[in-house]
Amino acid sequence: MTQTLVEEQTVKSRHRVRTYGEVFTPRHLVDLMLDLVRDEVESGPDFVDKTFLEPSAGDGNFLAAILRRKLRAIEQRYPTAKWSQESLFAIASIYGVELLEDNHQEAKAVMLAEFLSFHQSHGVPVGADTDLYHAAQFLIATNIVCGNMLTGQTLTGQDIQFSWWNRVAGSPGLVHREPFTLVSLHGDAIDFTTYDSYQACRIDEVHKEMRADV
(Lines give C-alpha, C1' and ligand atoms only; values in the text may rest on other atoms or scores of the structure.)
Protein backbone atom coordinates (compact mmCIF):
# COMPACT_ATOMS: atom_id res chain seq x y z
CA MET A 1 0.00 0.00 0.00
CA THR A 2 1.34 3.40 -0.96
CA GLN A 3 1.03 6.04 1.72
CA THR A 4 0.76 9.65 0.60
CA LEU A 5 2.05 12.30 2.97
CA VAL A 6 0.63 15.80 2.68
CA GLU A 7 3.17 18.40 3.69
CA GLU A 8 1.70 21.08 5.90
CA GLN A 9 2.37 24.66 4.84
CA THR A 10 4.56 26.44 7.39
CA VAL A 11 5.45 29.52 5.31
CA LYS A 12 3.47 31.55 2.78
CA SER A 13 6.40 33.24 1.09
CA ARG A 14 10.06 34.04 1.58
CA HIS A 15 9.18 37.73 1.55
CA ARG A 16 6.86 37.31 4.52
CA VAL A 17 9.48 35.32 6.40
CA ARG A 18 12.12 38.01 5.80
CA THR A 19 9.83 40.96 6.47
CA TYR A 20 7.67 39.70 9.32
CA GLY A 21 9.41 36.55 10.55
CA GLU A 22 6.25 34.65 9.67
CA VAL A 23 6.53 30.89 10.17
CA PHE A 24 3.49 28.81 11.10
CA THR A 25 3.64 26.17 13.83
CA PRO A 26 2.77 22.68 12.50
CA ARG A 27 -0.36 21.09 13.94
CA HIS A 28 1.49 18.25 15.63
CA LEU A 29 3.65 20.75 17.52
CA VAL A 30 0.56 22.76 18.46
CA ASP A 31 -0.95 19.61 19.95
CA LEU A 32 2.23 18.73 21.82
CA MET A 33 2.42 22.22 23.32
CA LEU A 34 -1.22 22.19 24.36
CA ASP A 35 -0.71 18.80 25.98
CA LEU A 36 1.51 20.64 28.48
CA VAL A 37 -1.47 22.71 29.66
CA ARG A 38 -4.11 20.01 29.31
CA ASP A 39 -5.64 20.68 32.74
CA GLU A 40 -6.17 24.36 31.99
CA VAL A 41 -7.73 23.65 28.60
CA GLU A 42 -9.75 20.51 29.24
CA SER A 43 -10.18 19.26 32.77
CA GLY A 44 -9.18 21.65 35.54
CA PRO A 45 -11.61 23.69 37.64
CA ASP A 46 -13.35 26.34 35.51
CA PHE A 47 -11.54 25.09 32.40
CA VAL A 48 -14.12 26.76 30.15
CA ASP A 49 -13.19 30.21 31.47
CA LYS A 50 -9.41 29.78 31.55
CA THR A 51 -8.11 32.58 29.34
CA PHE A 52 -5.55 32.24 26.57
CA LEU A 53 -3.87 35.03 24.59
CA GLU A 54 -2.02 34.20 21.38
CA PRO A 55 0.28 37.21 20.71
CA SER A 56 1.02 36.14 17.13
CA ALA A 57 -2.17 34.44 16.06
CA GLY A 58 -1.20 33.73 12.46
CA ASP A 59 -3.97 31.89 10.65
CA GLY A 60 -5.52 30.69 13.91
CA ASN A 61 -3.97 27.24 14.31
CA PHE A 62 -3.40 27.64 18.07
CA LEU A 63 -6.70 29.45 18.62
CA ALA A 64 -8.74 26.78 16.85
CA ALA A 65 -6.88 23.96 18.62
CA ILE A 66 -7.61 25.49 22.03
CA LEU A 67 -11.27 25.94 21.14
CA ARG A 68 -11.48 22.39 19.76
CA ARG A 69 -10.17 20.95 23.02
CA LYS A 70 -12.49 23.06 25.12
CA LEU A 71 -15.50 22.06 23.03
CA ARG A 72 -14.58 18.40 23.28
CA ALA A 73 -14.30 18.73 27.07
CA ILE A 74 -17.62 20.56 27.27
CA GLU A 75 -19.21 17.69 25.34
CA GLN A 76 -17.82 15.21 27.86
CA ARG A 77 -18.37 17.14 31.08
CA TYR A 78 -21.59 19.13 30.62
CA PRO A 79 -25.20 18.10 29.93
CA THR A 80 -26.37 18.67 26.37
CA ALA A 81 -28.62 21.56 27.39
CA LYS A 82 -25.57 23.61 28.40
CA TRP A 83 -23.41 23.04 25.33
CA SER A 84 -24.53 26.18 23.51
CA GLN A 85 -23.98 28.44 26.51
CA GLU A 86 -20.66 26.94 27.54
CA SER A 87 -19.32 26.88 23.99
CA LEU A 88 -19.83 30.64 23.79
CA PHE A 89 -18.05 31.16 27.10
CA ALA A 90 -15.22 29.04 25.67
CA ILE A 91 -14.89 31.40 22.71
CA ALA A 92 -15.00 34.36 25.11
CA SER A 93 -11.92 33.01 26.90
CA ILE A 94 -9.67 32.93 23.80
CA TYR A 95 -7.85 36.05 22.60
CA GLY A 96 -5.46 36.75 19.75
CA VAL A 97 -3.46 39.53 18.13
CA GLU A 98 -2.26 39.24 14.54
CA LEU A 99 -0.23 41.79 12.58
CA LEU A 100 -1.21 40.80 9.03
CA GLU A 101 -4.78 41.37 7.88
CA ASP A 102 -5.07 38.27 5.68
CA ASN A 103 -3.99 36.06 8.58
CA HIS A 104 -6.36 37.95 10.87
CA GLN A 105 -9.32 37.18 8.62
CA GLU A 106 -8.27 33.52 8.35
CA ALA A 107 -7.93 33.21 12.12
CA LYS A 108 -11.44 34.54 12.70
CA ALA A 109 -12.84 32.30 9.98
CA VAL A 110 -11.21 29.13 11.31
CA MET A 111 -12.48 29.86 14.83
CA LEU A 112 -16.03 30.35 13.61
CA ALA A 113 -15.80 27.22 11.44
CA GLU A 114 -14.63 25.18 14.44
CA PHE A 115 -17.55 26.44 16.52
CA LEU A 116 -20.15 25.85 13.80
CA SER A 117 -18.80 22.39 13.01
CA PHE A 118 -19.14 21.34 16.64
CA HIS A 119 -22.80 22.32 16.80
CA GLN A 120 -23.69 21.10 13.32
CA SER A 121 -22.28 17.67 14.20
CA HIS A 122 -24.88 17.52 16.99
CA GLY A 123 -27.77 18.80 14.89
CA VAL A 124 -27.93 22.22 16.57
CA PRO A 125 -29.17 25.01 14.26
CA VAL A 126 -26.35 27.52 13.76
CA GLY A 127 -27.37 29.21 10.53
CA ALA A 128 -26.55 32.85 9.86
CA ASP A 129 -30.02 33.79 11.12
CA THR A 130 -29.49 32.38 14.64
CA ASP A 131 -28.38 34.20 17.78
CA LEU A 132 -25.87 31.42 18.41
CA TYR A 133 -24.11 32.20 15.11
CA HIS A 134 -24.12 35.96 15.62
CA ALA A 135 -22.96 35.75 19.24
CA ALA A 136 -20.05 33.50 18.27
CA GLN A 137 -19.10 35.73 15.35
CA PHE A 138 -19.23 38.82 17.58
CA LEU A 139 -17.11 37.30 20.35
CA ILE A 140 -14.52 36.12 17.84
CA ALA A 141 -14.35 39.53 16.13
CA THR A 142 -14.01 41.27 19.49
CA ASN A 143 -11.38 38.91 20.92
CA ILE A 144 -9.19 38.43 17.83
CA VAL A 145 -7.82 41.74 16.61
CA CYS A 146 -5.47 42.97 13.92
CA GLY A 147 -2.60 44.92 15.40
CA ASN A 148 0.93 44.99 16.75
CA MET A 149 1.44 43.08 19.98
CA LEU A 150 4.71 44.91 20.68
CA THR A 151 3.18 48.40 20.53
CA GLY A 152 -0.26 47.44 21.77
CA GLN A 153 -1.83 49.34 18.88
CA THR A 154 -3.94 48.60 15.84
CA LEU A 155 -2.61 49.31 12.35
CA THR A 156 -4.34 52.72 12.50
CA GLY A 157 -2.54 53.67 15.71
CA GLN A 158 -5.40 53.07 18.14
CA ASP A 159 -4.92 51.19 21.39
CA ILE A 160 -5.87 47.52 21.03
CA GLN A 161 -8.98 47.00 23.12
CA PHE A 162 -10.13 43.69 24.55
CA SER A 163 -12.97 42.78 26.92
CA TRP A 164 -13.35 40.52 29.91
CA TRP A 165 -16.52 38.47 29.63
CA ASN A 166 -17.45 37.87 33.27
CA ARG A 167 -20.12 35.40 34.31
CA VAL A 168 -22.78 37.00 36.50
CA ALA A 169 -22.81 35.22 39.84
CA GLY A 170 -26.10 33.48 40.56
CA SER A 171 -27.39 34.02 37.01
CA PRO A 172 -26.31 31.13 34.76
CA GLY A 173 -25.84 32.16 31.15
CA LEU A 174 -25.51 35.88 31.88
CA VAL A 175 -22.32 37.75 31.03
CA HIS A 176 -20.99 41.19 31.90
CA ARG A 177 -18.60 42.79 29.42
CA GLU A 178 -15.74 44.97 30.70
CA PRO A 179 -13.50 46.55 28.01
CA PHE A 180 -9.83 47.28 28.65
CA THR A 181 -6.71 48.03 26.63
CA LEU A 182 -3.96 45.55 25.92
CA VAL A 183 -1.31 47.98 27.18
CA SER A 184 -2.99 48.14 30.59
CA LEU A 185 -2.01 44.49 31.12
CA HIS A 186 1.55 45.73 31.61
CA GLY A 187 0.59 47.93 34.56
CA ASP A 188 -0.22 47.20 38.17
CA ALA A 189 -3.94 46.92 37.41
CA ILE A 190 -6.10 46.57 34.32
CA ASP A 191 -7.80 49.85 33.44
CA PHE A 192 -11.57 49.35 33.10
CA THR A 193 -12.50 52.96 33.86
CA THR A 194 -12.42 54.93 30.61
CA TYR A 195 -14.32 52.74 28.17
CA ASP A 196 -17.90 51.92 27.33
CA SER A 197 -19.80 50.05 30.02
CA TYR A 198 -22.34 47.38 29.24
CA GLN A 199 -25.41 45.85 30.80
CA ALA A 200 -25.30 42.23 31.82
CA CYS A 201 -26.98 40.10 29.18
CA ARG A 202 -27.31 36.52 28.01
CA ILE A 203 -24.12 35.21 26.44
CA ASP A 204 -26.04 34.41 23.25
CA GLU A 205 -27.15 38.06 22.99
CA VAL A 206 -23.78 39.81 23.34
CA HIS A 207 -23.93 40.85 19.70
CA LYS A 208 -26.84 43.18 20.50
CA GLU A 209 -24.39 45.63 22.18
CA MET A 210 -26.45 46.58 25.25
CA ARG A 211 -24.55 49.55 26.69
CA ALA A 212 -25.23 50.55 30.27
CA ASP A 213 -26.04 54.14 29.32
CA VAL A 214 -28.75 53.19 26.81
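Within the range 110-138, the residues that satisfy the criterion of being outside any helix (DSSP H, G or I) and either touching a Lys or Arg at 6+ places or on another chain (Cβ under 7 Å) or exposed (fewer than 15 other Cβ atoms within 10 Å of the Cβ) (or both) are 121, 122, 123, 125, 127, 128, 129.
Looking only at residues that are in contact with a strand residue (DSSP E or B) (Cβ under 6 Å, 6 or more places away or on another chain) and of a type outside the set (D, E, K, R) in the range 100-139, which one is farthest from residue 203 (Cα to Cα)? Break it down into steps so the answer makes sense when it comes.
First pass over the range 100-139, keeping only residues in contact with a strand residue (DSSP E or B) (Cβ under 6 Å, 6 or more places away or on another chain): 101, 104, 107-108.
Checking the rest, the ones that are also of a type outside the set (D, E, K, R) come to 104, 107.
On the way: 104: 24, 107: 22 Å.
Top of the filtered list is 104.
Taken over the range 93-102, the residue count meeting the criterion of being without any contact (Cβ under 8 Å) to a residue 60 or more places away in the chain and within 15 Å of the chain's Cα centre (by Cα) is 3.
Check the range 139-153 and report whether any residue there is in a loop (DSSP other than H, G, I, E, B) and closer than 18 Å to residue 92 by Cβ.
Pass one, the range 139-153, residues in a loop (DSSP other than H, G, I, E, B): 149-152.
From what is left, the residues that are closer than 18 Å to residue 92 by Cβ are none.
No, the range 139-153 contains no residue that is in a loop (DSSP other than H, G, I, E, B) and closer than 18 Å to residue 92 by Cβ.
Pairing each residue of the range 39-60 that is assigned to a loop (DSSP other than H, G, I, E, B) with any residue that is of a type in the set (Lys, Arg) and modelled with pLDDT of 90 or more, provided the two are 6+ apart or on different chains, yields C-beta distances under 8 Å for 44/50; 60/108.
One residue alone among 151, 142 is within 25 Å of residue 83 (Cβ to Cβ) and either modelled with pLDDT of 95 or more or out of contact with any helix residue (DSSP H, G or I) (no Cβ under 8 Å at 6 or more places or on another chain) (or both), and that residue is 142.
Taking residues in the range 140-155 that are under 10 Å from residue 97 (Cβ atoms), and partners anywhere that are assigned to a strand (DSSP E or B) and among the β-branched types (Val, Ile, Thr), the pairs with Cβ atoms closer than 6 Å and at least 6 places apart or on different chains are 145/97; 147/97; 147/154; 149/97. As a summary of the residue check, residue 34 satisfies the conditions (1) farther than 21 Å from residue 161 by Cβ; (2) modelled with pLDDT of 90 or more; (3) among the aliphatic types (A, V, I, L, M) except for the one numbered (2).
Residues of the range 155-205 being assigned to a helix (DSSP H, G or I), modelled with pLDDT under 95 and surrounded by 18 or more Cβ atoms within 10 Å (Cβ to Cβ), which ones? Listed by number, the residues that qualify are 182, 184. When 81, 90, 107 are screened for being among the aliphatic types (A, V, I, L, M), without any contact (Cβ under 8 Å) to a residue 40 or more places away in the chain and in a helix (DSSP H, G or I), only 81 passes.
The values are calculated or read from the model by the stated rules, or taken from the named source; none is laboratory data. The model shown is predicted, which means the values in this text are computed figures rather than measured ones. Glycine also receives a Cβ, built like all others from the backbone with ideal geometry; neighbour counts cover every protein chain displayed.
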